[in-house]
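Heads up, the thing below is written out as structure tokens.
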Amino acid sequence: MVTTEPAPEFDLSGGDLCLDFINTLADRTGTPRESLTAYADLLEFARQAGRMPEPEVGELAAEAAADPAGASRVMVRAVRTREAMYRVFGAIARGEEPEDADLEALNAVLVEGLAKARLVRQDGSYRWSWAGDCSCLERPLWQVAHSAADLLASGRLDRVRVCDSATCEWLFLDESRNRSRRWCDMATCGNRAKARRHYERQKTALQVRESG
Ligand SMILES: [Zn+2]
């Protein structure tokens, strides 16, 4: 019997498509959890992020089924590009200079995507699109590279933050009024940090009492 893995549910709280894409690997310095394990996950990410309408997802899924080797090549590139993007934005969040090689890796995907991009009119405004005659499996990857380029050139880089948790490493845009957001998600990392501080305070209090 063939069982299909259920599609992962992506966390889209990063505030920008490229940051949500980077966050598809969770708990990087702890016990990493990978959400992108097959080409279908890449399509599912684009669909859940609202960047790919259902017919386009279906079209690329059929394309991937017809060319499994091509689909796995794109997957490998997607993960490699994601890691380069993580290092670029992670460095920025820490006030450091990204490595040229990582920026170059992003540029390579960006340039390739731009050659296939077009502007389409939708509801009175314009947006980038990669749909059309090209049935390229790279489409979801080009979307995130474009989003990364947009964010890098946006003048909003001072809002890029890395989660304060010791292991999470998720990135997000801090849109809070006084720029005080510290965790990717208060309900997970924020509460974990609070519980740890509480535990450490109790432990110290106990040690003080024992030694006194
Ligand atoms: Zn976190």
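A quick yes/no check of all residues on (1) crowded, with 19+ Cβ neighbours inside 10 Å; (2) in a helix (DSSP H, G or I); (3) touching a Leu at 6+ places or on another chain (Cβ under 9 Å):
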site	(1), (2), (3)
Ala40	yes, yes, no
Met52	yes, no, yes
Ala61	no, yes, yes
Ser72	no, yes, no
Ile92	yes, yes, yes
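If you go through segment 179-198 one residue at a time, do you hit one that is polar (S, T, N, Q), assigned to a loop (DSSP other than H, G, I, E, B) and out of contact with any strand residue (DSSP E or B) (no Cβ under 9 Å at 6 or more places or on another chain)? Yes, segment 179-198 contains a residue that is polar (S, T, N, Q), assigned to a loop (DSSP other than H, G, I, E, B) and out of contact with any strand residue (DSSP E or B) (no Cβ under 9 Å at 6 or more places or on another chain).
Being crowded, with 20+ Cβ neighbours inside 10 Å, away from the ligand (no atom under 16 Å from the Cβ), under 23 Å from Leu43 (Cβ atoms) and not basic (Lys, Arg) narrows it down to one residue among Ala131, Ala148; which is it?
From the options Ala131, Ala148, the qualifying one is Ala148.
Taking segment 74-83 as the range and being touching a residue at least 12 places away in the same chain (Cβ under 8 Å) and open to solvent by 60 Å² or more (accessible area, probe 1.4 Å) as the test, the residues that pass are Arg77, Arg80. Evaluating Pro98 against the criteria (1) crowded, with 17+ Cβ neighbours inside 10 Å; (2) in a loop (DSSP other than H, G, I, E, B); (3) of a type outside the set (Ser, Thr, Tyr); (4) modelled with pLDDT under 95 leaves one unmet condition, (4). For Met186, the conditions (1) within 15 Å of the ligand (Cβ to nearest atom); (2) within 20 Å of the chain's Cα centre (by Cα); (3) buried (at least 16 other Cβ atoms within 10 Å of the Cβ) all hold with the exception of (3).
So that you can scan it fast, the table gives a plain yes or no per residue for (1) among the polar types (S, T, N, Q); (2) assigned to a loop (DSSP other than H, G, I, E, B):
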| site | (1), (2) |
| --- | --- |
| Arg121 | no, no |
| Ser135 | yes, yes |
| Ala145 | no, no |
| Cys168 | no, yes |
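Of the residues Ser154, Ser176, which single one is among the small types (Gly, Ala, Ser), open to solvent by 20 Å² or more (accessible area, probe 1.4 Å), within 16 Å of the ligand (Cβ to nearest atom) and on the phi < 0 side of the Ramachandran plot?
On inspection, the qualifying residue turns out to be Ser176.
Applying a threshold of 6 Å to beta carbon distances and a minimum spacing of six or more residues, or different chains, the list of pairs starting in segment 177-193 at a residue that is over 14 Å from Asp11 (Cβ atoms) and ending at one that is away from the ligand (no atom under 11 Å from the Cβ) reads Arg181/Asp174.
The values are calculated or read from the model by the stated rules, or taken from the named source; none is laboratory data. Note that the structure is predicted; figures quoted are calculated from it, not measured. In this analysis, Cβ positions are derived from the backbone assuming ideal geometry, glycine residues included, and neighbour counts consider all displayed protein chains. Note: accessible area is taken over every heavy atom of the protein model, side chains too, but ligands, DNA and RNA are not part of it. Shrake-Rupley method; radii C 1.70, N 1.55, O 1.52, S 1.80 Å.
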